[in-house]
């Protein structure tokens with residue numbers, strides 16, 4: 001590769017979408033175990049600006065940084081020690097949150113964090129999958145140990161994580177209850193939810209009882225209102241923010257907060273389910289890379305169904 005720079009979205013100061021800049025940036029160098037991916041599409045997470053990733057774990061500033069950690073693209077180079085990923089392969093994955101993201105022409109990713117792209121998906125749909133689907137998988141199966149016949153309540157069931165959680169819980173054989181806005185009630189039902197509650201019209205705690213698992217993707221007062229719907233020894237899983245130490249004190253239920261982790265094994269299983277037509281990513285819209293600010297603003301403002309995606313490579317092969 002002869003190019004030294006690439007087009008990228010970077011943020012130079014703490015802030016929100018208004019701080020995003022479309023500019024030239026250095027093409028990332030490969031570390032041991034890395035592959036270089038020519039990014040075709042990158043999924044965005046509007047909540048990313050609230051994550052504590054402005055500094056390294058050692059406390060050093062990471063600015064300027066590149067956002068967006070869900071990517072789909074084609075491998076163009078591999079580190080000398082990488083044996084299980086080949087140049088030319090179409091891949092997708094979740095990049096480390098403390099490394100540069102995928103809102104750029106190229107991204108360096110640990111090879112172990114990537115998997116072959118689902119054959120049935122284009123790059124935009126593949127990029128909408130890793131963070132949301134892995135979060136749903138790990139919440140329901142790794143942490144909640146969801147089993148057939150259990151009752152699960154999924155808050156924000158039309159969103160990126162929620163839409164995958166509904167489909168995966170239904171596949172596992174659980175009784176799925178979702179909360180959503182009025183415009184999304186029918187949509188969530190079509191995803192496979194057994195019951196859907198219009199959260200704007202009906203307080204969910206007045207109609208839901210004795211569930212085994214609650215998945216909170218929203219935060220605010222949802223978490224506190226959810227305790228009462230759990231059966232004894234039920235589990236509330238939240239992905240929004242770490243809870244205070246006393247959050248389960250005196251309750252006959254359990255609570256858990258976690259941060260999603262990359263997993264090639266789980267991505268491979270998700271690909272199998274996608275290619276079999278059992279689950280599918282939901283893409284609200286695809287915007288070109290240079291409109292990243294508008295995409296993040298839209299995500300924060302509109303609470304879209306599924307995901308918003310940045311298209312990095314256009315149909316003619318150029319950067320969008």
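Since every read-out is calculated from the coordinates, none of them should be taken as a lab result. Since the structure is predicted, the reported quantities are computational estimates derived from the model, not experimental observations. Please note: Cβ atoms are built from the backbone with ideal geometry, for glycine as well, and neighbour counts cover all protein chains shown.
If we count other beta carbons within 10 Å of each Cβ, what is the order of 132, 72, fewest first?
Details: 132 26, 72 30.
Listing 132, 72 from fewest to most nearby Cβ atoms yields 132, 72.
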**Fill in**
Shape descriptors of the stretch 85-128 over alpha-carbon atoms, Rg and Dmax in angstrom, are 10.5, 30
**Prompt:** Where both partners of a DSSP beta bridge lie in the chain, what percent of those bridges are antiparallel, to the nearest 5?
**Reply:** 55
**Item:** Order by protection proxy (mean Cβ within 10 Å, highest first), peptides 100-110, 213-223
**Value:** 100-110, 213-223
**Item:** FRET E, pair residue 210, residue 294, Förster distance 41 Å, beta-carbon r, rounded to 0.05
**Value:** 0.40
**Complete:** In degrees rounded to 10, the 0-90 angle between helix 292-302 Cα long axis and the longest Cα principal axis of the chain is 10
**Fill in**
Largest fluctuation, 12, 123, 69 only, Gaussian network model of the chain with Cα springs under 10 angstrom, belongs to 12
**Fill in**
Candidates 170, 280, 272; GNM for the chain (alpha-carbon contacts under 10 Å) flags as most fluctuating 272
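Taking only Cα atoms of the stretch 186-282, what ratio of Rg to Rh do you get with Rh as the Kirkwood inverse-distance radius?
Values: Rg = 15.9 Å, Rh = 15.6 Å.
Ratio of gyration radius to Kirkwood radius for the stretch 186-282: 1.01.
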**Request:** Among 48, 246, 261, determine the one that fluctuates most according to a GNM of the chain built with springs between C-alpha atoms less than 10 Å apart.
**Result:** 246
